[in-house]
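This report refers to the structure that appears directly beneath it.
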Protein chains: 2
Amino acid sequence: MTVNYCLRRAVQLHANCIAIELHGRQITYREFYETTENSARKLAALGAAKGDRIAVLMHNSPEYLDLYYSVARTGAIIVPLNTRWHINEIVFTLNDSGSRMLFVDERFAPLVPQIRDAVPALEHYIFVDSAEWKTLSTDPAIDLTNYTEPGEDDIAGLFYTSGTTGGPKGAMLTHRNLYTNAIHTLVAPLGLLKGWKWLHSAPMFHLADAGAIHGLTLAGATHVFLPTFDPEETMRAIERHRIDIVVLVPTMLNMVLNHANFDRYDLSSLKRILYGASPMPLPLLRQAMDKLPCEFIQGYGMTEVSGILTLLAFADHRFEDADRQFAPVKSAGKAAPYAEIRVVDHNDKDVPVGQVGEVIARGPNVMKGYWNRPEVNAEVLRGGWMHTGDLGALDEEGFLYILDRKKDMIKTGSENVYSPEVESVVCAHPGVLEAAIIGVPDATWGETIRAVIVTRPGARLTECELIQWCRGRLTAFKCPTSVAFTDTLPKGGTGKVQKNVLRERFGQPALSAGE
Amino acid sequence: MTVNYCLRRAVQLHANCIAIELHGRQITYREFYETTENSARKLAALGAAKGDRIAVLMHNSPEYLDLYYSVARTGAIIVPLNTRWHINEIVFTLNDSGSRMLFVDERFAPLVPQIRDAVPALEHYIFVDSAEWKTLSTDPAIDLTNYTEPGEDDIAGLFYTSGTTGGPKGAMLTHRNLYTNAIHTLVAPLGLLKGWKWLHSAPMFHLADAGAIHGLTLAGATHVFLPTFDPEETMRAIERHRIDIVVLVPTMLNMVLNHANFDRYDLSSLKRILYGASPMPLPLLRQAMDKLPCEFIQGYGMTEVSGILTLLAFADHRFEDADRQFAPVKSAGKAAPYAEIRVVDHNDKDVPVGQVGEVIARGPNVMKGYWNRPEVNAEVLRGGWMHTGDLGALDEEGFLYILDRKKDMIKTGSENVYSPEVESVVCAHPGVLEAAIIGVPDATWGETIRAVIVTRPGARLTECELIQWCRGRLTAFKCPTSVAFTDTLPKGGTGKVQKNVLRERFGQPALSAGE
């Protein structure tokens, strides 16, 4: 099963269903298929062939969706670039992937001269005008019948992730990988259905959103686009298009719920909100569930597994037992049917149920490896299992609890502190809009805990007050001993706080941070 | 993904859910897993090893379910035998598969001496006493940790189908094949859910029922067993266990609905009835939907694709437009997401939408081939597509209409007549309980059409009357020109009428059949 088949199947089963809804225009799957065929012919005319890398630096748009399918049609490999990257990271990724073509929209066209100088191997720059829906012009001389369908173990995309070290690495996701993830969006509890409208509000270069592209097409659902995330535009689009389902990562959800105009929009069409990509503070979840009477589903996963590893069903969002150590509402849910999961120690031996270890996974959704990184692959994929770098625990019912990134865990004295637990308490303070916890080097304790916070507009909050708040709610060794105030937290593509940046900026031992 | 993982996953996610419900006893997935581990140790003690064939000749029981998993645990291949077979077919299959062990229950134990003489390669006969739930005794000396998990492309089972010629052929279904089919039971419109109770009323040797075994386990659903099908026992079990879902092929459904005690049972727990395996006459479907207010879902498929190819959703059971040539209610539904389907001509070229051709399919659910039949495989699987031998057509929306088996289509004059269309009209006659249509050699027309019918108890029906009935409802060339009366129609494992037997018995040109 391939990306190509996703669309071919949509034409067989959902030809007259709406594939794309734009301002005042609807495009059926049959029409969309013709569009992608035209685009594929154009790509072929430019020389796109099996295995070529074709990079895309664009905001969300129908053209982006078109490229996901038309690139696959030629057997080439799509390389979606992070739109938040610095030019240096873009250049690095284009060179690392050896991309032959780059698609840019009007927002990124101005970068082309700089890129051209720094990426000599790039042969073609294609400007996509997303001001109106149009197909790339067709070269009728190109006959696609000579293009054979890629195999399911061929690479469909290189999805770059900001790794821990050494710059971005390209996760090689095969057609089978992406198809498997698509199936994970069709089974319970996510269960995408025909006719549902999905708002692409999260960036389409990232699998938090792109992971749904193929499942939506399989199901015969409708794609609606927001070029970039904006809380008010999101609400406006939900109301206008009567959106059924949307991904809102915690940061986005927070911005929507706290928007001054939240009450002005009719969001009643929403059936499901899928959240994930970073830890969800319980108070935010509870607030969201109070204000938005739709089903909430959590997805946990990562680029390296094509998106989804576990899903938390709406029925498991129960707050009654939230105080228990293992309460499903605090978990990331249960393994999707193609994601076999274990929690292991340093020797890759299973730890007992309830114990913390590294989460590892295998299945047809796990990447082939990182592009040109044989040493990293040997380590990360050792024994045939993807080592996620996440610390977690399984309970008796198979709910997976993600405690922290291995590298973000704080060691203070002889204790391990998982930052999301502390962040959840800090975020619950009414004066806090956003917060992140980092470890700060300390001569006595190894590390001490520092909270970096963004206060709510108008809130007056002191370091001392926040530390007191935590003392009343957390074991002593888990409490921050210092607080740094800032205007904004640095975030990655899906709103995940970039702790390495925070540590650089706020991680110096300071006088106020000592005892 | 493997059969083994299905159960391991159930233990991780559904350890305390009920795997099996018997008269007055419930067994959790954790307990069931322990049972299968014990059985696997016993199998290992008998020498079961990777690739060995282990045959099962038993009625439905928890022990049968146990064997599906414990055989896989040793890496061996299960060979489920058709319980309706003549001893000659059993012997043929045991020899053809090269089975080393045979499991029998008390019903089939008397056949062992005969089998022993005719199948010298069989090393072990194991008698399973299904009078009570018990595990095979454990040999503690056997350590299963040396048994590595089979690969997903290893064969999990040989499922013998009565082919058109040359006796039964063993379809080699891999772990991936069976897992793929399991996923097809989890997506819409079938969507098996945790906690549902499934009644194994159809035989577990056949994929019409066995195709659900792995999906039920993945979902955390409960297995309930009926040793063999009986209409009243089925109703009794549905009432007693509050069954949620059951497979009832048309013959079974007919027997249930027409049973004298139908009204005495409470069948209100039923959420879904899955039907298929042979054409469903519309009047029977309508009657069933009137009498049983649950969702009806049709599955179309075959052993060679591990069970399911297409599914007809309940929402598509609309009778309003049943007179249209292509009305979804008359179709077999739409392709499951891992079943790519085409309808082709004799040169394997796609025929246009709405035209009749052979249904071919590919995907990870398609068998590896028939056991030891390289020539047949080269033909049946040519070009990487499974040639089903079924004649069908696709409509604009991807609904697949199955018209007939290629070999059962009748050619009369220059016209093609598809037997189910005629059978549907014949069955609608109030005096007809069951009917099948066959072609009879004719000097003038090539073939003429003969109806073989079983009348309802007490009904008085003449040949002339039935032909008149058809003349009022069918184009002239589609009407039977002769009628044969019989007490019962010969049927295969899932109630599919064996037309080859019928043709032998009722296919001679007779005086009354001519013009």
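Worth pointing out:
- Residues of the range B:469-488 that are in a loop (DSSP other than H, G, I, E, B) and modelled with pLDDT under 90: B:Gly472, B:Arg473, B:Leu474, B:Thr475.
- Of the residues examined, A:Thr303 is not one that is under 19 Å from A:Ala208 (Cβ atoms) and either small (Gly, Ala, Ser) or within 14 Å of another protein chain (Cβ to nearest Cβ) (or both).
- For the range A:40-70, the set of residues classified as crowded, with 24+ Cβ neighbours inside 10 Å and polar (S, T, N, Q) consists of A:Asn60, A:Ser70, listed by residue number.
- Verdict on B:Arg382 being out of contact with any Cys (no Cβ under 8 Å at 6 or more places or on another chain), modelled with pLDDT of 95 or more and closer than 19 Å to B:Lys169 by Cα: yes
- Taken together, the residues in the range B:32-57 that are away from chain A (no Cβ under 14 Å) and within 29 Å of the chain's Cα centre (by Cα) amount to 17.
- Selection status of A:Ala202, in a loop (DSSP other than H, G, I, E, B), assigned by TED's automatic domain parsing to the domain that holds A:Leu312 and surrounded by 22 or more Cβ atoms within 10 Å (Cβ to Cβ): yes
- Residue that is surrounded by 22 or more Cβ atoms within 10 Å (Cβ to Cβ), closer than 17 Å to B:Ala313 by Cα and not small (Gly, Ala, Ser), where the choices are B:Thr222, B:Thr234, B:Thr185: B:Thr185
- Any chance B:Asn82 is buried (at least 24 other Cβ atoms within 10 Å of the Cβ), assigned by TED's automatic domain parsing to the domain that holds B:Gly157 and not in a helix (DSSP H, G or I): no
Residue-wise test of (1) surrounded by fewer than 20 Cβ atoms within 10 Å (Cβ to Cβ); (2) of a type outside the set (S, T, N, Q).
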residue	(1), (2)
A:Glu295	yes, yes
A:Ser306	no, no
A:Leu311	no, yes
A:His317	yes, yes
A:Asp321	yes, yes
A:Ala327	yes, yes
A:Ala332	no, yes
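- Evaluation of B:Tyr69 against the conditions (1) at pLDDT below 95; (2) of a type outside the set (Lys, Arg); (3) in contact with a Cys (Cβ under 9 Å, 6 or more places away or on another chain) shows that the sole unmet condition is (1).
- Residue in the range A:422-441 that is within 14 Å of chain B (Cβ to nearest Cβ), part of a loop (DSSP other than H, G, I, E, B) and in contact with a helix residue (DSSP H, G or I) (Cβ under 8 Å, 6 or more places away or on another chain) present: no
- Residue list for the range A:442-456, filter: out of contact with any helix residue (DSSP H, G or I) (no Cβ under 6 Å at 6 or more places or on another chain), hydrophobic (A, V, I, L, M, F, W, C) and either at positive phi or at pLDDT 85 or above (or both): A:Ile449, A:Ile453, A:Val454
- Tally, over the range A:172-226, of residues that are touching a helix residue (DSSP H, G or I) at 6+ places or on another chain (Cβ under 6 Å), within 16 Å of A:Val305 (Cα to Cα) and hydroxyl-bearing (Ser, Thr, Tyr): 1
- Residue in the range B:155-163 that is within 14 Å of chain A (Cβ to nearest Cβ), at pLDDT 95 or above, in contact with a strand residue (DSSP E or B) (Cβ under 8 Å, 6 or more places away or on another chain) and not in a loop (DSSP other than H, G, I, E, B) present: no
- Given (1) among the polar types (S, T, N, Q); (2) more than 30 Å from A:His175 (Cβ to Cβ); (3) away from every other protein chain (no Cβ under 14 Å), index of the condition A:Ser278 fails: (2)
- One residue from A:Ile467, A:Ile438, A:Ile449 being free of Cβ contacts under 8 Å to residues at least 40 places away in the same chain and within 28 Å of the chain's Cα centre (by Cα): A:Ile449
- Yes/no for A:His214 being within 11 Å of chain B (Cβ to nearest Cβ), surrounded by 24 or more Cβ atoms within 10 Å (Cβ to Cβ) and touching a residue at least 60 places away in the same chain (Cβ under 8 Å): yes
- Scanning the range A:404-442 for residues that are among the aliphatic types (A, V, I, L, M) and buried (at least 21 other Cβ atoms within 10 Å of the Cβ) yields A:Ile410, A:Val417, A:Val422, A:Val425, A:Val426, A:Val432, A:Ala435, A:Ala436, A:Ile437, A:Ile438, A:Val440.
- Scanning the range A:173-189 for residues that are at pLDDT below 95 and either in contact with an Asp or Glu (Cβ under 9 Å, 6 or more places away or on another chain) or away from every other protein chain (no Cβ under 11 Å) (or both) yields one hit, A:Pro189.
- Meets criteria (touching an Asp or Glu at 6+ places or on another chain (Cβ under 9 Å), touching a residue at least 12 places away in the same chain (Cβ under 8 Å), farther than 23 Å from A:Asp209 by Cα and surrounded by 19 or more Cβ atoms within 10 Å (Cβ to Cβ)) for A:Ala76: no
- Cβ pairs under 7 Å, 6+ apart, first in the range A:10-21 and closer than 8 Å to B:Glu397 by Cα, second among the hydrophobic types (A, V, I, L, M, F, W, C) and surrounded by fewer than 21 Cβ atoms within 10 Å (Cβ to Cβ): none
- Candidate set: the range B:24-34, residues that are of a type outside the set (D, E, K, R) and in contact with a helix residue (DSSP H, G or I) (Cβ under 8 Å, 6 or more places away or on another chain); chosen: the one nearest to B:Phe225 (Cα to Cα): B:Ile27
- Filter result (under 18 Å from the mean Cα position of the chain (by Cα) and part of a helix (DSSP H, G or I)) within the range B:58-79: B:Tyr64, B:Leu65, B:Tyr68
- Here A:Thr412 passes the criteria (1) modelled with pLDDT of 90 or more; (2) closer than 20 Å to A:Ile467 by Cα except the one numbered (1).
- If you go through the range A:205-232 and keep only what is assigned to a loop (DSSP other than H, G, I, E, B) and within 17 Å of A:Ser269 (Cβ to Cβ), you end up with A:Ala221, A:Leu226.
- Strands (runs of 3 or more DSSP E) completely within the range A:330-415 that count 1 or more residues being within 14 Å of chain B (Cβ to nearest Cβ): A:340-344, A:357-362, A:386-394, A:400-405
Matching residues to (1) under 19 Å from B:Lys496 (Cβ atoms); (2) touching a Gly at 6+ places or on another chain (Cβ under 7 Å):
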{"site": "B:Ala428", "(1), (2)": "no, no"}
{"site": "B:Leu433", "(1), (2)": "yes, no"}
{"site": "B:Val452", "(1), (2)": "yes, no"}
{"site": "B:Ala459", "(1), (2)": "no, yes"}
{"site": "B:Thr462", "(1), (2)": "no, no"}
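The values are calculated or read from the model by the stated rules, or taken from the named source; none is laboratory data. Everything quoted here is computed from the prediction, not taken from an experiment. We place every Cβ from the backbone using ideal geometry, glycine too, and count neighbours over all the protein chains shown.
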